Amino acid sequence: MEEDWENTDRAVNWLRKEGINYSQPFVLYLGLNLPHPYPSPSSGENFGSSTFHTSPYWLKKVSYDAIKVPKWSPLSEMHPIDYYSSYTKNCTGKFSEKEIKNIRAFYYAMCAETDAMLGEIILALRQLDLLQKTIVIYTSDHGELAMEHRQFYKMSMYEASAHVPLLIMGPGIKANIQVSNVVSLVDIYPTMLDIAGIPLPQNLSGYSLLPLSSEMFKNEHKLKNLHPAWILSEFHGCNVNASTYMLRTNQWKYIAYSDGASILPQLFDLSSDPDELTNIATEFPEITYSLDQKLRSIINYPKVSASVHQYNKEQFIKWKQSVGQNYSTVIANLRWHRDWLKEPRKYESAIDQWLKTRTNANKF
């Protein structure tokens, strides 16, 4: 983790040499790779970033006996999108309880090291007498499944992947409280503008979070620009075989796929099923319909899905032509290579069939 520590040291040095002398407010951004997995060149150049690295020092910070082994649904009962994700992440094989706990222990150790880096920044601010007049925001672009739902990595709407930390501290921010409201990363931008006293542009997707975290700003905002009781997330990337949309409230998580009809949606009651093991979409059709209508009022997701599908097909054809005769070898050695090599002809045939189907992005 040398690069992360070097960048942390650079940030601390900047505070000591530059930040302390600023007469105007400053913004310092520090991006850390941890606790992200690292590349695995020993498994092939196309294997992707998928190895958890740590050291005995950080592993000792983890209470191994407290690590929970997540419950899994049988492969035969998995939602088809989840099954595809597990398959393309090489996670359909057998894993011992020890293997799963070790994977999670390494992830927690990486989190502990990340926490230490954040601690270095806060310590420097305190030593320089800057902490009492500096707002610190800590967050992440995604989570880590760490073998929950028989997956590692991200690319999922399950809590371990989509629910990220958001910590805010500083002058005017209420201390030692946990705000239960659901908020989104798109709220960071208007929040920082609000901190700086800059008027928010019209038609932003996000909302300032200061009314939720600061008594001083709550009175000023009153009832205008309050955050809605939901957040939206969507994903069209790798390791899923359909565009994915999540509408999340405090109690409910609704996940729709593709055109909303060809693939069954998922509905989880997070108040009674925090591990998201029971899809109750068909059991509660009124709630499912209500959340789906709300989602459609925010985004025309069937139309977006068709457009993405068409784009994917066009780009895949270009890529296939670019690799020429090496196509079969190259595609068999991407991140999913372990499961792909079980039945390579079957999967190539499925791709050929997909390429023959027509996609109309304007039909919705």
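The values are calculated or read from the model by the stated rules, or taken from the named source; none is laboratory data. A quick note: this is a predicted structure, and the numbers were derived from the prediction, not measured. In this analysis, Cβ positions are derived from the backbone assuming ideal geometry, glycine residues included, and neighbour counts consider all displayed protein chains. The area values use the complete protein model at the heavy-atom level, side chains included, leaving out ligands, DNA and RNA. Shrake-Rupley method; radii C 1.70, N 1.55, O 1.52, S 1.80 Å.
Before moving on, here are some points about what is shown:
- Options 308, 330: the member that is outside the structural domain of residue 240 (by the TED database), open to solvent by less than 50 Å² (accessible area, probe 1.4 Å) and under 20 Å from residue 232 (Cα atoms): 308
- For region 212-263, filtered to residues that are touching a Lys or Arg at 6+ places or on another chain (Cβ under 7 Å) and over 30 Å from residue 308 (Cβ atoms), the residue that is modelled with the highest pLDDT is 213.
- Within region 243-270, the set of residues being assigned to a loop (DSSP other than H, G, I, E, B) and either within 20 Å of the chain's Cα centre (by Cα) or surrounded by 13 or more Cβ atoms within 10 Å (Cβ to Cβ) (or both) comprises 243, 249, 250, 251, 258, 259, 260, 263, 264, 265, 270.
- Restricting region 282-304 to residues that are more than 15 Å from residue 258 (Cβ to Cβ) and crowded, with 17+ Cβ neighbours inside 10 Å leaves a set whose member that is farthest from the chain's Cα centre (by Cα) is 288.
- Condition met for residue 140 (farther than 16 Å from residue 234 by Cα and under 12 Å from the mean Cα position of the chain (by Cα)): yes
- From 193, 145, residue being part of a helix (DSSP H, G or I) and either modelled with pLDDT of 95 or more or open to solvent by less than 30 Å² (accessible area, probe 1.4 Å) (or both): 193
- Screening region 60-80 for residues that are hydrophobic (A, V, I, L, M, F, W, C) and crowded, with 16+ Cβ neighbours inside 10 Å and picking the one that is farthest from residue 148 (Cα to Cα) gives 62.
- Those residues of region 105-142 which are within 25 Å of residue 66 (Cβ to Cβ), charged (D, E, K, R) and open to solvent by 20 Å² or more (accessible area, probe 1.4 Å), in sequence order: 115
- Filter result for residue 188 (under 28 Å from residue 305 (Cβ atoms), out of contact with any Phe, Trp or Tyr (no Cβ under 9 Å at 6 or more places or on another chain), surrounded by 16 or more Cβ atoms within 10 Å (Cβ to Cβ) and not aromatic (Phe, Trp, Tyr)): yes
- Positions within region 16-32 being hydrophobic (A, V, I, L, M, F, W, C) and either open to solvent by 60 Å² or more (accessible area, probe 1.4 Å) or in contact (Cβ under 8 Å) with a residue 60 or more places away in the chain (or both), in sequence order: 20, 27, 28, 30, 32
- On the stretch given as region 271-281, residues that are without any contact (Cβ under 8 Å) to a residue 12 or more places away in the chain and open to solvent by 70 Å² or more (accessible area, probe 1.4 Å) total 2.
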